[in-house]
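Notes follow once the structure below has been shown.
Computed from the coordinates by the stated procedures, all read-outs in this text should not be read as laboratory data. These numbers were taken from a predicted model, which means no experiment stands behind them. Here the Cβ is made from the backbone with ideal geometry for all residues, glycine too, and neighbour counts use every protein chain on show.
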């Protein structure tokens with residue numbers, strides 16, 4: 001078990017899960033990279049790989065199986081909100097889960113883009 005987050009860890013990663021190991025690895029090597037003025041190109045490749053791998057692991061772990069509010073299992077009927085979370089049928093509306101998305105503002109912007117103002121010269125010809 002990972003000593004930081006409690007997920008499965010291995011002895012190859014010092015008892016940490018992959019995400020925690022990558023974070024610790026980046027933190028240790030960020031300090032050494034700042035102290036040395038010339039960073040090796042191979043180190044940059046390793047950092048790029050670990051960032052993309054960590055992002056993949058985070059995306060893989062966040063498979064929505066429960067409502068974000070009541071933790072009820074949602075199964076196939078989970079409602080994905082624009083804020084990025086999954087909710088059950090009871091909490092699917094933005095009013096019931098204190099959504100951070102401003103639907104009024106996004107709606108106004110969408111209408112403004114889809115329905116531009118008519119040209120006054122064209123109106124006079126009609």
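What is the order of 10, 124, fewest Cβ neighbours within 10 Å to most?
124, 10
Based on the mean of other beta carbon atoms within 10 Å per residue, what is the order of 19-29, 67-77, 109-119, most packed first?
Highest to lowest by the protection proxy: 19-29, 67-77, 109-119.
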